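Heads up: the structure comes next, in structure tokens.
The values are calculated or read from the model by the stated rules, or taken from the named source; none is laboratory data. Note that the coordinates shown come from a computational prediction; the quantities given were computed from them, not determined experimentally. Using ideal geometry, Cβ is built from the backbone for each residue, glycine included, and neighbour counts are taken over all protein chains shown.
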Amino acid sequence: MIKIGDKVSVLDEPITGRVISVNGKEITITSEDGFDMVFMTNELVKEESDNLIVPSYEEIEKNLQEKKIFKKKPKRPIIKPKERNIPPMEVDLHIHKLVKSTKGMANHEMITFQLDTAKRQLDFAISKRIPKVIFIHGIGQGVLKEELKYLFGRYDNIRISDADYKKYGLGAMEIYILQNAKNT
């Protein structure tokens with residue numbers, strides 16, 4: 001029999017408290033958090049002794065988490081696959097980076113030289129299974145960028161996107177080389 005002043009626990013809930021009123025089968029308790037709640041008699045269990053130390057739901061949960069963390073500690077550090085740590089290959093196609101002097105070169109010769117360099121570097125990356133290449137083309141009038149898009153569009157096993165804006169601005173494109181693409 002539950003009476004006023006008894007310490008009770010709620011079945012199937014992490015709630016304990018003191019009984020403050022009994023009205024037939026309805027019992028009102030004040031929880032340890034200071035909330036008044038109403039339960040039916042069959043939802044409560046009387047604590048036998050105030051001397052009994054009953055851990056709170058939070059304490060039990062904390063102990064279980066510590067136990068899980070303790071069990072799950074790896075014995076040795078996990079090494080990630082190499083591909084994730086390899087910085088992307090960067091190819092700077094600015095003409096002054098490719099030749100000592102542009103003196104005597106026509107615009108057509110410069111762009112042809114830049115495109116040949118891009119094709120050669122992309123073929124090298126594909127042969128060496130390098131997953132990502134950044135081609136820095138600069139902003140300019142966009143002629144080189146359009147020519148590169150046309151050149152790269154002829155490859156079946158690559159995906160083209162703009163490079164990281166924070167690092168390269170608008171003057172670079174990123175090429176993902178799909179390693180498992182079937183050559184037809």
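Considering (1) at pLDDT 65 or above; (2) outside any helix (DSSP H, G or I); (3) not basic (K, R); (4) not assigned by TED's automatic domain parsing to the domain that holds G142, the lone condition that N42 does not fulfil carries the number (2). Filtering the stretch 1-28 down to residues that are out of contact with any Ser or Thr (no Cβ under 6 Å at 6 or more places or on another chain) and closer than 20 Å to I60 by Cβ, which residue is surrounded by the fewest Cβ atoms within 10 Å (Cβ to Cβ)? Looking at the filtered set, the residue picked out is D12. What about Q121, is it under 26 Å from Y176 (Cα atoms), buried (at least 16 other Cβ atoms within 10 Å of the Cβ) and modelled with pLDDT of 75 or more? Answer is yes for this residue.
R129 satisfies every condition listed in (1) free of Cβ contacts under 8 Å to residues at least 12 places away in the same chain; (2) exposed (fewer than 12 other Cβ atoms within 10 Å of the Cβ) except (1).
Let me spell it out: the conditions are (1) part of a helix (DSSP H, G or I); (2) farther than 15 Å from H94 by Cα, and L144 meets all of them except one. Which number is the exception? Result: L144 passes all but (2).
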